[in-house]
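Please read the structure below before turning to the comments.
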Amino acid sequence: YPIVFQHPGSPNGGKQCIAMRSQILLELKRLVIHLKLSVQWMEERLKASDIQSSDSELQLFRRCQNLQTVLQEKDELISTLEQQLEEQKQNRIQDAKTVEEKAAKIKEWVMRKLNEFDIENASLREINQQQEAEIQDLRRRLEKVDAEDGSSDELNKRFQLQCLDSSSSSSDTNTPSPILTPALTPKRPTPSRDSQDTPASPKQPRLRNPNAFTVNLALAKKHLSQPPLYSEAAHGRTRNAFSMLRPLRPQETDMDQEKKMETGVRECVPDVPPAEVSPEEPETLDASAAVPGSKPPTPPLHRLPSWESRIYAVAKSGIRLSETSCTDVANKGAFRLCFCTYSQSWPNTHTPSVTECVVFFSAVSLSSMTSESDYAIPPDAYSTDTECSEPENKLPKTCSSSSDSGKTESMEKSGYLLKMVKTWKKTWKRHWFVLKDGELLYYKSPSDVIRKPQGQIELNACSTIARGDGKQMLQSVCNLKPDSPNLLEEWLRVLQSILRIKAASPLFTHPDTRPVMKGHLTKVKYGYSKHVWCELFGKTLYYFRNQEDKFPLGQIKLWEARVEEVQKSCDVAEVSAQYTLSIQSVSQDPTYLLIDSPHEKTAWLFHLSVAAGTAGGQVGTEFEQLVGKLLSIEGDPGSQLWRHPTLCFTKEGLSSPLTTLPSQALQTEAIKLFKTCQLFINVAIDTPAIDYHVTLAQCALQVCLTHPELQNEIYCQLIKQTRICLDLFAFSGTQGWQFLALCVGLFLPTPPILWYLQVHLKRHGDSRTEVGKYAIYCQRSLERTQQKGDRQARSSRMEILSILLRNPYHHSLPFSVPVHFLNNTYQVVSFDASTTVEEFQSQLNQDTGMRKTGQSGFSLYSDDPTGKDLEHCLQGNLKICDIISKWEQASKEQHTGKSESARTVKLTYKNRLYFSQQMRGETERERLLLAYQTNEEITAGHFPVNKELALEMAALLAQVDFGDFERPFVGPGASGAAQTKSNQTLKQVLERFYPKHYRHACTEEQMRYLCLLLSTRWASLRGRSSSECIRIYLTVARKWSFFGAKLFEAAPAAPSPQKNMRVWLAVHEDGVSMLEFNSVVILASYAYKSIVKFGACGQDFMLVVTLSSGTSASKEKSTEKHLFAMPPKNIKLLEAHCKNFYNVTKKIIFQTIVFVLNFLFN
């Protein structure tokens, strides 16, 4: 705008100037308003653009994160698939190699057997020709005798029968004919037989060898062992059909074999001493030796080294060998197989019911029993113990129970049945049978149901029950016969009903499963009420007569049922209860549960609703409802429910529990439990005072084990307190995860808290952070706990310290403990919170190069926490962490004070059950440990060695333990220190390897002379390796017939003739033997099949055995009772060893039956 200035003196100049100024001001005001509007509009535009840019960046960032997550998951999936593909390739390559090796072995075995059969057939033809010639000669002699006295008609008939038998097929000359007259029978001692061992003689099929044969217990054990590493043909043995079935003796190098090799004489009859075989009795010798030209060539002369020969010569006279054995001589003429149909616990005086079935088969070659693919015998006892509780009252003939379907099914029944007993002939015996709690018990009569049953037949999911072939008979684990067809149908129906329930119920398929909820309730249906014990497993509610019952009265299926609280209906009007829950199944009448307590009502309503799948976040506490809502949306990570204050960390205490609990006392304990968790998380860990956190964790975990209802509560509390928050201290989050890691290895919550825990661990798992590593470890531990089940004891101090002091993520097996051996060495073995003893032993065997526990016979032992000289054998299903925890608790109870907190359990690995066939395939480590275990028996005086042999064996172990003996230099410049060191070494050897009773009886002068003798024997072993010395040591020790037996000192009580004299009770693979205390001579032997009862009887050990009778027709055999006085701890050990040996023997026999039947019919 132009501004024109006029002279003020002009008349219009002033007015114009004022007007122009006012106009300019107005324009300026409009311009200012316009500019303000423009600026405001520009600011709004800029603000809008900023908001849009920030929103787009956030969306892009979220999308980028999602894509990165998807890409990472796909990469993990690809790597997992590649790893699985590589593992499958390796497995297929390994399988192909295994198949090729087995095919080569099978081909070699078949060719070898064909060659042996050809040689055998040729030998049998020659034997048959010779026998026919001998029979003709005997017939001519008989005719001459008949011509003299004219009284041989009966003998002629007998010899005609003998001629017919021998001409039908060839026979073994080792077996004398049972129809020969006493004058013509070979003079060979006849083995004693039990009456029941004489089988009937049904018609036998004609096969290559007419003589049936007997498989004794030694052969039953043999076929499960590994084959010998040598060939019989190399030792000059001719194998026929009988030598294949006879158990082969393992190869040993001793003086007896040396003499046989030098003279070229082969022992033909191992059971008969050479002095008893006269030259005039060729029938007792091996058939191959009787045929000219069939004698094998003399093996090459092999002389043992002089030092080894000297040791064997000392061993021959140094061990007092027993000439009798408790194993009965096997009966000839029958293939005898024993079926054990009894699975009752052995403690105290329970009577075993063993049925024996004698089956006749042909003399088929069973040399495949020694093939390399056979399994070794399992020395560990597979316990078949089941508690036989006495019936509380007599049951009616039939009891019924109802299920949720409204059908009535019989679950209990009693009545008379005939049970087949297989002794020397099949007979039927009448018993009173009682079916209760899924177990079939039988008594002598109905009046005996208040006593212990005569036997027990346990029915499980693997049992099968069917009719007999065209007979009125039931076939399960034994043969049963009712009195009528109607009773047959009733028994068949009730037994099959029980099997169906057991096959489908987790009560029996997974007996270790913990119920979600349990308690006493009143069940009402169809107007009838009953007070029952209820347990909730999964989606099914089971109810029992009382808490002790094992078999349920019935069950209610809860899936998709409607569970709600209702007012009293007409069905429950007569029953007084405060609260009523209704369970309405699909197309079924409702079932009512009456509850008195409001807390119990709330807990049952919640758990039943969760099991029915109809909760939907509508029942339970606020925390449980939020978890239910998260479960309904499948844990959507974008949901606002994750940020709810109830699910997040809090510094304040809880006013009410996070989960539904059935009582006010448990609710109070839950609040205290949260305070304990806060103290553990918020107080920093100080290494010198770490026992504070150990005590907090153990107390909290013990409360949860005592009250399983609180296990869900502590998981909810720990998940709540481990949510990552910015205001937490650095140590708080880690310590919360450490506490959670302890819980996950101990027990698991029930659904849906288990699902919530899994989602929580997955959300926080990250290998880049410390907390994420703990979350990954918790995931691994959770999977292991799901596989192996919950623990029984709280975490031990060692376990808690391992979790607190180092991150377990870096170790797949975070815990470790040393295992000690008897040769003063140890092996450190790692394990996790769920590792069982069986897995622990498998890892130990792999680390030390030993065979499986079932093949080696070694077991794990722990010392006694009270400090007593006791060892406890650990069962395979126990968990190592439970054992350590229980040991620590027992030790604290026995020894109070801080000084005892450092004591830890001592684990020892040694042989428990020794079987003679275990020596096949022994490893070097097993032989070494077995030698040192034998040395402990020798030093304790449990081994019959004289002083000279004890010195030789001590020198062998000294060579193994110390190496070559360094003899000190003797001369003018000799050092006294070297002589002193040598004497100390010799004394140490005598103290460790020489029997105590010999050493304590020596004077000082005799000890010096003993050291001199030891140095001489030790020096003669210079340059010998440890394996060579161990081989000789075990060869000498195994000459004693009771090698590997467990000896217990005892004193026979009245009315025994050996009263007031000390004896040894030896428990071994064949039975129980009584030995004289000083000379270790056998006084009596009892095979396991003759033992009726054994166990503690008052303060003594009782052994009841059957007495063999001369007649087999007697129905009942007489028994004899023996009592032995011994300490209580020895009674328990003796009883356990007898039971273990018996169970293993029974399992071996059963496996032998299966193997032989498969071999014969395939």
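The values are calculated or read from the model by the stated rules, or taken from the named source; none is laboratory data. This is a predicted model, so every value here is computed, not measured. We place every Cβ from the backbone using ideal geometry, glycine too, and count neighbours over all the protein chains shown. Ligands, DNA and RNA are stripped out before the accessible areas are found, and what is left, the full protein with its side chains, is counted by its heavy atoms. Shrake-Rupley method; radii C 1.70, N 1.55, O 1.52, S 1.80 Å.
Observations, loosely collected:
- Criterion (in a helix (DSSP H, G or I), open to solvent by 70 Å² or more (accessible area, probe 1.4 Å) and in contact (Cβ under 8 Å) with a residue 24 or more places away in the chain) met by exactly one of E126, E101, E108, E134: E126
Here is a yes/no grid of residues against (1) out of contact with any Asp or Glu (no Cβ under 7 Å at 6 or more places or on another chain); (2) within 22 Å of K1046 (Cα to Cα):
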residue: F858; (1), (2): yes, yes
residue: D863; (1), (2): no, yes
residue: T866; (1), (2): yes, no
residue: C881; (1), (2): no, no
residue: K886; (1), (2): yes, no
residue: A890; (1), (2): yes, no
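- Taken residue by residue, segment 50-70 has at least one member that is over 36 Å from the mean Cα position of the chain (by Cα), farther than 30 Å from D636 by Cβ and at pLDDT below 85.
- Listed by first and then second residue, the pairs linking a residue in segment 839-863 that is over 28 Å from R903 (Cβ atoms) and of a type in the set (G, A, S) to a residue that is open to solvent by 20 Å² or more (accessible area, probe 1.4 Å) and assigned to a helix (DSSP H, G or I), with Cβ atoms under 7 Å apart and 6 or more places separating them unless they lie on different chains, are G849/R925.
- Candidates in segment 876-890 are the residues that are open to solvent by 50 Å² or more (accessible area, probe 1.4 Å) and assigned to a helix (DSSP H, G or I); of these, the one that is modelled with the lowest pLDDT is Q889.
- Some residue of segment 759-771 being farther than 23 Å from V829 by Cβ and hydroxyl-bearing (S, T, Y): yes
- Qualifying residue in segment 657-665 (condition: within 29 Å of Y579 (Cα to Cα), at pLDDT 90 or above, over 37 Å from the mean Cα position of the chain (by Cα) and open to solvent by 60 Å² or more (accessible area, probe 1.4 Å)): yes
- Enumeration of residues in segment 936-969 that are of a type in the set (S, T, N, Q) and crowded, with 23+ Cβ neighbours inside 10 Å: Q959
- Some residue of segment 672-684 being closer than 25 Å to V703 by Cβ, open to solvent by 50 Å² or more (accessible area, probe 1.4 Å) and of a type in the set (K, R): yes
- Restricting attention to segment 503-539, the residues that are open to solvent by less than 60 Å² (accessible area, probe 1.4 Å), under 25 Å from L705 (Cα atoms) and in contact with an Asp or Glu (Cβ under 9 Å, 6 or more places away or on another chain) total 7.
Residue-wise test of (1) among the aromatic types (F, W, Y); (2) at pLDDT 90 or above; (3) outside any helix (DSSP H, G or I).
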{"site": "K892", "(1), (2), (3)": "no, no, no"}
{"site": "R927", "(1), (2), (3)": "no, yes, no"}
{"site": "I938", "(1), (2), (3)": "no, yes, no"}
{"site": "F943", "(1), (2), (3)": "yes, no, yes"}
{"site": "V960", "(1), (2), (3)": "no, yes, no"}
{"site": "L990", "(1), (2), (3)": "no, yes, no"}
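- Here S1027 passes the criteria (1) modelled with pLDDT of 90 or more; (2) open to solvent by less than 20 Å² (accessible area, probe 1.4 Å); (3) closer than 26 Å to R912 by Cα except the one numbered (2).
- Y809 falls short on exactly one of the conditions (1) modelled with pLDDT under 90; (2) closer than 12 Å to G745 by Cβ, and that condition is (2).
- Every residue from segment 855-873 that is out of contact with any His (no Cβ under 9 Å at 6 or more places or on another chain) and surrounded by fewer than 20 Cβ atoms within 10 Å (Cβ to Cβ): K868, D869, L870, E871, H872, C873
- Condition check for N983: of a type outside the set (S, T, Y), open to solvent by 20 Å² or more (accessible area, probe 1.4 Å), within 43 Å of the chain's Cα centre (by Cα) and more than 22 Å from L928 (Cα to Cα): no
- In this structure, T602 qualifies as within 43 Å of the chain's Cα centre (by Cα) and touching a residue at least 24 places away in the same chain (Cβ under 8 Å).
- Hits in segment 1073-1097 - residues which are outside any helix (DSSP H, G or I) and within 15 Å of L1134 (Cβ to Cβ): S1073, M1074, L1075, Y1086, I1091, K1093, F1094, G1095, A1096, C1097
- For V524, the stated conditions do not hold, so it cannot be described as at pLDDT below 90 and either assigned to a loop (DSSP other than H, G, I, E, B) or in contact with a Leu (Cβ under 7 Å, 6 or more places away or on another chain) (or both).
- Matching residues, segment 902-923, being assigned to a loop (DSSP other than H, G, I, E, B) and either acidic (D, E) or out of contact with any strand residue (DSSP E or B) (no Cβ under 6 Å at 6 or more places or on another chain) (or both): R903, T904, L913, Y914, F915, R920, G921, E922, T923
- Selection status of L142, under 30 Å from R763 (Cα atoms) and assigned to a helix (DSSP H, G or I): no
- E57 over 30 Å from R763 (Cα atoms), surrounded by 10 or more Cβ atoms within 10 Å (Cβ to Cβ) and not small (G, A, S): no
- Residue list for segment 635-656, filter: assigned to a loop (DSSP other than H, G, I, E, B) and open to solvent by less than 70 Å² (accessible area, probe 1.4 Å): G635, G638, S639, H644, C648, F649, T650, G653, L654, S656
- Considering segment 607-634, the residues that are part of a loop (DSSP other than H, G, I, E, B) and of a type in the set (S, T, Y) include one that is most open to solvent (accessible area, probe 1.4 Å), namely T614.
- Here S1056 meets each of (1) at pLDDT below 90; (2) hydroxyl-bearing (S, T, Y); (3) closer than 16 Å to F943 by Cβ with one exception, condition (3).
- Per the listing Q779, Q786, the residue uniquely touching a helix residue (DSSP H, G or I) at 6+ places or on another chain (Cβ under 8 Å) and open to solvent by 10 Å² or more (accessible area, probe 1.4 Å) is Q779.
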